[in-house]
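Notes follow once the structure below has been shown.
Bear in mind these aren't lab numbers, they're just calculated from the coordinates by the rules spelled out. These numbers come from a predicted model, not from an experiment. Heads up, the Cβs are rebuilt from the backbone with ideal geometry, glycines too, and the neighbour counts pull from every protein chain shown.
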Amino acid sequence: MKITEQCVVALTWTLKDTLGEELDMLDEPVEFLVGGNDLLASLEQALQGHEPGETLELQLEPQNAFGDYDDRLLFLEPRHLFPEHIEEGMGFEGLPEGCNPAAPKDRLYFISDIYPDHVVLDGNHPLAGMALRIQLKVHSVREAEVSEVGRGTLGTGFFRMQVDGGDDGTDAAPGARPTLH
């Protein structure tokens, strides 16, 4: 079966920056919903018509990957609003209560700096502003189930920094995590 606008594709990849430094490797196939929210539009477009066993090599400019870096998504917040044991790189779904009310609540934030009285949180994807090279291998393709299409995702969060609202009205999405895959 060829990849179409609404199917499930199992992929592996190697992701590098333009200098060839490896940023991420997915060596066990993971399923993604094509036509949903799992993949970048540029990847979905490039995958169309490909079949299992095929490999694609793409260069993605920031606007086709994780966007340009947006310094408006940096927030300096009081240290006392955070748990005692935090470290740079830790991620949070939304900002803790009492933080800047203008900060988007539906994002993942990462601690970029810790000072005695303040914490700097960054709502940009860790790869924002970077041109990337990705080698994708298609392992399998199948028709999407009606329930998968209805959800719009298989729950794979690599390509998204927004937290989807849960069924219970909370901001937290089951399985949302600040990791690369």
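Under a Gaussian network description of the chain, with springs only between Cα atoms under 10 Å, the residue in Pro116, Pro29, Pro78 that fluctuates furthest is Pro116. Which label belongs to the value computed from this structure, given these candidates for volume of the Cα convex hull per residue in Å³: (1) 127; (2) 112; (3) 164? Label of the calculated value: (1). When the chain is treated as a Gaussian network with alpha carbon springs shorter than 10 Å, the biggest mean-square fluctuation among Ala102, Ala41, Ala128 belongs to Ala102.
Between Ile86, Leu74, Ser112, the Cα set farthest toward the positive side of the dipole of the stretch 71-122 (charges on each charged residue's Cβ, about the Cα centre) is that of Leu74.
Roughly speaking, what is the stretch gain from Thr4 to Arg72, that is 0.36 nm per residue apart minus the C-alpha to C-alpha distance, in nm to one decimal?
This chain segment gains 20.8 nm when fully extended.
Charged side chains reduced to their Cβ positions (Lys and Arg at +1, Asp and Glu at -1) give the stretch 71-122 a dipole of some 200 debye around its Cα centre. The GNM of the chain, with springs linking C-alpha atoms under 10 angstrom apart, assigns the highest mean-square fluctuation among Gly20, Gly152, Gly89 to Gly20. Fewest neighbouring Cβ atoms within 10 Å first, the residues Glu84, Glu44 line up as Glu84, Glu44.
About its Cα centre, the chain has a charge dipole of approximately 280 debye under the convention of +1 per Lys or Arg Cβ and -1 per Asp or Glu Cβ, with nothing else charged. Tell me, what is the FRET efficiency for Thr18 and Val149 to the nearest 0.05, using R0 = 30 angstrom and their Cβ-Cβ distance as r? It comes to 0.30. Treating each Cα of the stretch 27-127 as an identical point scatterer and summing with the Debye formula, the log10 of I(q)/I(0) at q = 0.10 Å⁻¹ comes to -0.42.
Straightening the chain between Lys105 and Val120 buys 3.8 nm, computed as 0.36 nm per residue apart minus the Cα-Cα spacing.
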